[in-house]
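Each remark here refers to the structure printed beneath this line.
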C-alpha cells in the first residue's frame, strides 16, 4: 500500500474490547465503545460490537451517518451536544444524545415530532472538569422542562471528567452523580436506563475492587479500547494491547546537515513549539557537523507530531505541514523510500485517522 498509512490491528482492538467488557460487566457497567478516532469506520465498529461493546459513541453526525451507511444498526450515542443546525440529522441517525442545553432539547423535540418518532436524551451534569454539563443545582428545573416535551424521552444522566482540566473520577464525584440520578428519578417517577460515569479516565475507579459502583452502569470508552491506556497518566492498562495502531510513513530525504540553522531568523511556519534551540542570529557557517537529517513525507496536516514515537535510532526534532524532521543516531540511517513505523498517542491517532492523506489498512492478525 501507499504511504502515509495507518495500520489497524483488528485482533488487538477485539482483545481490548472483550477484556474491558468482561471486567466491567462483572461490575454492572456496559461499555459504549467510542469510535470518533476511527472516522466512523464500519469495519472497526463491527469488531468492537462483536467483541462485547453494548453500544457505540460518536461525536460527529457525519461519522454516525457513515456508520449507518456501512450497515451498522446498533445503538449509537451522540456524545457531543448536538448543534442546532443538525438536530434533524441527529434524530434520524443517532439513537440517543448527550445534552446540556434546553434550547437544543427543544429543537430535538420538534425534529422528533416532525418525524413522528421519539429521541432519547441523556442529561449531562457538570461535576468539576468545566467542560459540558448542567450545574447540579439546576438539574430539577431542567428535568421538569424536558419531561413536558413531546418527542423526547429523558433516559439517563451522565458526566464527563478529565478531558478539559484533568479532574480525576473518584468516589466523591461518582457519588454526586448517583445523587443527581436519584433526584431525576424522584422527579420523573421513572428508573433511569443510563447513568454514564464518564470515559476511559474512570477505569482506575471502576476496576478498583474496593469501590462501589452505586448507580453508575455505563462508561464511554475510546482511548482504553483503541490504545490500551488510561488517559490521566497515559499508563498501559494491565492485560490490554497498546499497539493496535501504527503510522507508516516514507523517507524522502536523508542527508548530513549542520545541527543548527544559520542566517538571520524570523518566525518559522509553526512557532508554538520549537524543538531545538536556534543558532545565534546571523551565524552563517553552514558547516556540516555530521548530523544525519531524515525527512519523512507526513506532517502536521496529518498528525500531531508531539504524539508520535519514532522508531529506534531516530529522534524527532521538528515538523512542518508536510514533513517530519528526524535526526538519525544510527550507523545505518534509513534509505530513501524506506517505510518508518511510528507509535501514536490518542491526539496523534485522532488527527491521523481524520486526514484525507492517510490511508487505512486493516490487519486481521499479527
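Here are the numbers:
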item	result
Residue match in the stretch 140-156 (condition: under 23 Å from the mean Cα position of the chain (by Cα) and at pLDDT 95 or above)	yes
Some residue of the stretch 83-90 being modelled with pLDDT of 95 or more, within 24 Å of residue 136 (Cβ to Cβ) and surrounded by 17 or more Cβ atoms within 10 Å (Cβ to Cβ)	no
Boolean, residue 44 is part of a loop (DSSP other than H, G, I, E, B), in the same structural domain as residue 224 (by TED's automatic domain parsing) and in contact with a helix residue (DSSP H, G or I) (Cβ under 9 Å, 6 or more places away or on another chain)	no
Filtered residue count, the stretch 241-252, keeping only those that are outside any strand (DSSP E or B) and buried (at least 21 other Cβ atoms within 10 Å of the Cβ)	1
The stretch 94-116, residues that are over 18 Å from residue 131 (Cα atoms), surrounded by 20 or more Cβ atoms within 10 Å (Cβ to Cβ) and touching a strand residue (DSSP E or B) at 6+ places or on another chain (Cβ under 8 Å)	94, 96, 105, 108, 109, 111, 112
Number of positions in the stretch 221-238 that are assigned to a strand (DSSP E or B) and buried (at least 23 other Cβ atoms within 10 Å of the Cβ)	1
Check on residue 297, modelled with pLDDT under 90 and within 15 Å of residue 324 (Cα to Cα)	no
So residue 181, is it in contact with a strand residue (DSSP E or B) (Cβ under 8 Å, 6 or more places away or on another chain), at negative phi and in a helix (DSSP H, G or I)	yes
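For (1) within 20 Å of residue 234 (Cβ to Cβ); (2) surrounded by fewer than 16 Cβ atoms within 10 Å (Cβ to Cβ), each residue gets a yes or a no:
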site	(1), (2)
316	yes, no
324	no, no
333	no, no
336	no, yes
339	no, yes
345	yes, no
348	yes, no
351	yes, no
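The values are calculated or read from the model by the stated rules, or taken from the named source; none is laboratory data. What you see is a predicted model; the values in this text were computed from it and never measured. Cβ: placed from backbone, ideal geometry, glycine included. Neighbour counts: every protein chain shown.
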